[in-house]
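Here is the structure we will look at.
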Amino acid sequence: GKSKSPFGKSSKRPPPQPVALVTFHDDFEPKEPVLYFRQQVLSTFDQTHLNADTTGRYDLDVITKFPTTGEVDAQDPPESSFHKSVPTSMFLISDHPQPVALSHATKVMPLDNPNPNLFVAAYEVTSLALDSEWRRLVGRTSVPTSWDAEMRKHYTEFPDDPRYLALSDELMRDLDPRFRDDDLMRAIVIKRYLEKNGFYTLKETHQDETDPTASFLFGSLRGYCVHFAHAAVFLMRSQGIAARVAVGYGVDTARRGSGSSMLILGNMAHAWPEIHLDGVGWVTFDVYPEQYDEEPQEIVDQDLASMLGEIARNDPTNTRARLYLEDA
């Protein structure tokens, strides 16, 4: 049967309770305003929405197993020459079925849990963060010639609804003729259309529709991150661009403050598009709607993040953070 739909019924954001703590080993300064902590990707089209692959043939760049006995490596990591290596330590405060890690994780390693009463899991991660200017990526095709027909179909399949291709073709008419065949520039046109015309709200789920994405995209254009991510991916796929949806947490870089530790809260749960560029790998390609009715995410107590960081570093004297988590 079909797997669970990512289009939830709830119209409320998850509570702002701590779900994970991340500590950065180096002074990492991200180029983008959001840090993406990916847990899973959805790339298999089931004629309604996208699901996680269960065949083991696709999404080999995503680490899906915890490092219980030894190091776990991504089988198909991004090209390192376009990225910067970012080492982190992850301390999960709530259970997750797969490891949460800063995108794009290439390696997860076991780490002694400094406080099992607070953390359900602890592990180290090596991630590759894109460290190149976008203009350096212009001119690259999305689908490599090395992909066989089955792989190409997997990452470019979209609903059998002519409106997807009709809309994406219409958007391409406004693209500078010099870039009509450039996959990155065509993806940017789709991204900007959704950002300018979409309205971010948790009040409309489109849950009861046969195709929730079509209900959103060709209807009110009002929805939340799952709607925007699916709409972007299906429009890009209709143009032959390899794309998928990533699921995890999106954390405003301002939440990090000046310390090396940062809390991830439940209300930061997020879904976003990723596109593939030949010779680079999978690239985070989020949509930022310009119109919205949701209040900004709650500011994280930086003192609490620092105290939890001390606990993660085996400081037994910190009790305030323990009491906070017990109350939460």
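Filtered by the rule that a residue be modelled with pLDDT of 95 or more and either over 22 Å from the mean Cα position of the chain (by Cα) or open to solvent by 40 Å² or more (accessible area, probe 1.4 Å) (or both), segment 121-137 gives a lone residue, GLU124. For VAL72, indicate whether it is over 30 Å from ASP160 (Cβ atoms), β-branched (Val, Ile, Thr), open to solvent by 30 Å² or more (accessible area, probe 1.4 Å) and touching a strand residue (DSSP E or B) at 6+ places or on another chain (Cβ under 7 Å). Here the answer is yes, as VAL72 does meet what is asked. Residues in segment 75-110 that are over 24 Å from ASN267 (Cα atoms) and surrounded by fewer than 17 Cβ atoms within 10 Å (Cβ to Cβ): GLN75, ASP76, GLU79, SER80, SER81, LYS84, SER85, PRO87, MET109, PRO110.
Taken together, LYS84, LYS65, LYS31, LYS107 contain a single residue that is touching a strand residue (DSSP E or B) at 6+ places or on another chain (Cβ under 9 Å), closer than 30 Å to LEU137 by Cα, assigned to a loop (DSSP other than H, G, I, E, B) and touching a residue at least 24 places away in the same chain (Cβ under 8 Å), which is LYS31.
The values are calculated or read from the model by the stated rules, or taken from the named source; none is laboratory data. Just so it is clear, the model here is predicted, and its values are computed rather than measured. Cβ: placed from backbone, ideal geometry, glycine included. Neighbour counts: every protein chain shown. What goes into the accessible areas is simple: the full protein's heavy atoms, side chains included, and nothing from ligands, DNA or RNA. Shrake-Rupley method; radii C 1.70, N 1.55, O 1.52, S 1.80 Å.
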